[in-house]
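Asks: What follows is a structure written as structure tokens; I'll ask about it next.
The values are calculated or read from the model by the stated rules, or taken from the named source; none is laboratory data. As the structure is a computational prediction, the values presented were derived from the model and not from experiment. Glycine also receives a Cβ, built like all others from the backbone with ideal geometry; neighbour counts cover every protein chain displayed. Remember, those area values only see protein heavy atoms, side chains included, never the ligands or the DNA or RNA. Shrake-Rupley method; radii C 1.70, N 1.55, O 1.52, S 1.80 Å.
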Amino acid sequence: YQPSDLAWLDMKDNTIDVVIGPIETYEDQLFGYKAAHEAFVLIKDKEWSGRLARYAAMLPSLQSELPVPAAYKRERPGSDSDLNAYDAVYYAGDANAGSKTIAINLPNDEEVQLRKGTRRLQLKNAMRAKFDRILVPVAGELIAEDQRSHISFDAFFSNIMFHEVAHGLGIKKTLGGKGTVREALKEQAGALEEGKADILGLFMITRLHQRGELKGQELDDNYVTFLAGIFRSIRFGASSAHGRANAAQFSFFQDQGAFTRDSASGRYRVDFPKMRTAVDALAGQILRFQGDGDYEGVTRFMIERGKLSPVLQQDLARLGSKNIPVDVVFEQGSEVLK
Ligand SMILES: [Zn+2]
């Protein structure tokens, strides 16, 4: 499928876009090698895409600012990577099974990524549905009342957008000759890579705020919306790479004091300075795991960090009892178009 990947990277001006093929390996829980087939049919939103264009150009300078020793950030992220917004009109196969993707960063093939970069697709209408139907109700239940004003769609959108951009940062080949990170970390690779993208995404937002690149947005919104997003994603469960990654983030942030829980209300409050420190610490930890190809270390980390405490389980159960859905289901296809 490499020729197909390379050709798809050149399809930059289409209004209608199609993603099709064997793509994600989450279903292969033995080694995470075998990909499942899926397809998306998408319509490009040219106006939103214009707003996103400039971030792709910032990848090389953001790579150099990663909080790790120089050896771990030596690779050059592909510079012609592009970033566009779409409305999805159809999801099929693996894409329509289980949790619904709201952002895509493809191809996954590391050789193609190093040669030609990647394309990043933000699925706006699917994001908006999840924000309105899931994230806002989750925050209403689990975020401290006086921080709830920090829950915003713009912050949700940029957290997801920079998650996708962050997949292009960091390290693809291990430093110690263990091959690609994906080969070395086997079935742990998917969850760690998702965790990396979440955390480096937040790291990038923080840096761009400091540079004055994200005017009109409040950094605190990104942090509080991020915390609400962790609860949303933990609910995907331990069988999902995103679910495992978010459980580990929650545990790490909790130990670092990045948030506190009020035992009377059962609600959570971000500690902004500590969260900033925790983001750098976790980014460094994940990038070292990847660069070292440290399979044992990651396995230990995920087992220790992946467990949900009884308190957290009770808090999540409150979401279920309030009938807040775990995910959206699409009404789509010829049935709807009649
Ligand atoms: Zn991702």
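Asks: Looking at ALA36, SER49, ALA70, which one has the Cα that reaches farthest to the positive end of the dipole of region 2-95 (charges on Cβ: Lys, Arg +1; Asp, Glu -1)?
Replies: The Cα lying farthest towards the positive end belongs to ALA70.
Asks: Follow-up question, since we're still on this one. Would you rank ASP315, ASP146 by solvent-accessible area, highest first, keeping every protein chain in place and using a 1.4 Å probe?
Replies: Of ASP315, ASP146, the descending order of accessible area is ASP146, ASP315.
Asks: Using the heavy atoms of the protein chains alone and a 1.4 angstrom probe, what is the accessible area of region 258-316 per residue in square angstrom?
Replies: About 49 Å² of surface per residue is accessible.
Asks: Could you list, in their original order, any pairs among LYS116/LYS186; LYS12/LYS116; LYS34/LYS186; LYS73/LYS196 whose Cα atoms are separated by more than 19 Å?
Replies: Correct reply: LYS116/LYS186.
Asks: Tell me the accessible surface of HIS209 in square angstrom (1.4 angstrom probe, heavy atoms of protein chains only), to the nearest ten.
Replies: Answer for HIS209: close to 40 Å² accessible.
Asks: Hey, which lysines would be in cross-link range of LYS130, C-alpha to C-alpha under 17 Å, not counting anything within fewer than 8 residues on its own chain?
Replies: LYS100, LYS322
Asks: Gaussian network model of the chain, Cα springs within a sub-10 Å range: biggest mean-square fluctuation belongs to which of VAL112, VAL311, VAL138?
Replies: VAL311
Asks: When only the heavy atoms of the protein chains count and the probe is 1.4 Å, how do TYR90, TYR295 rank by accessible area, highest first?
Replies: TYR90, TYR295
Asks: For the chain, what does the relative contact order come out to in percent, with C-alpha contacts under 8 Å and a separation of six or more?
Replies: 18
Asks: From largest accessible area down, sort ARG211, ARG115, ARG267; use a 1.4 Å probe on the protein chains.
Replies: Per-residue accessible area, sorted high to low, gives ARG115, ARG211, ARG267.
Asks: Give me the percent of accessible area attributable to carbon and sulfur for the chain, probe 1.4 angstrom.
Replies: 52
Asks: Here's a follow-up. Starting from the Cα of ASN125, step 7 Å along the direction of its Cβ; do the same at ALA39; then give the gap between the two resulting points in nm.
Replies: About 1.8 nm separates the two model spin labels.
Asks: GNM, the chain, Cα, under 10 Å: largest mean-square fluctuation among LYS173, LYS12, LYS130?
Replies: LYS12
Asks: Please give the FRET efficiency for GLU213 paired with ASP280, using the beta carbon to beta carbon distance and R0 = 22 Å, rounded to the nearest 0.05.
Replies: In this case the efficiency is close to 0.75.
Asks: Pull out the extension gain between LYS322 and GLN2, defined as 0.36 nm times the separation in residues minus the alpha carbon to alpha carbon distance; nm, one decimal.
Replies: Separation in residues times 0.36 nm, less the Cα-Cα distance, equals 110.6 nm.
Asks: Using helices alone, what [θ] at 222 nm do you get for the chain, with -39,500 (n - 2.57) per DSSP H run of 4 or more residues, divided over all residues and rounded to the nearest 500?
Replies: Value at 222 nm, helices only, nearest 500: -15000 deg cm²/dmol.
Asks: Which of rounded, prolate or oblate describes the chain when judged by the alpha-carbon gyration tensor and an a/c cut-off of 1.5?
Replies: In terms of gyration-tensor shape, rounded.
Asks: Under the rule a/c < 1.5 gives rounded, and otherwise a/b versus b/c splits prolate from oblate, where does region 194-338 land using the Cα gyration tensor?
Replies: rounded
Asks: Please give the FRET efficiency for GLU183 paired with ASP262, using the beta carbon to beta carbon distance and R0 = 45 Å, rounded to the nearest 0.05.
Replies: 0.50
Asks: Next question, about the same structure. Skip the ligands, DNA and RNA, and give the accessible area per residue of region 1-102 with a 1.4 Å probe, whole Å².
Replies: Solvent-accessible surface per residue comes out at 53 Å².
Asks: Oh, and also: Points 7 angstrom from Cα along the Cβ direction at SER334 and SER64: gap in nanometres?
Replies: Here the modelled spin labels are 5.6 nm apart.
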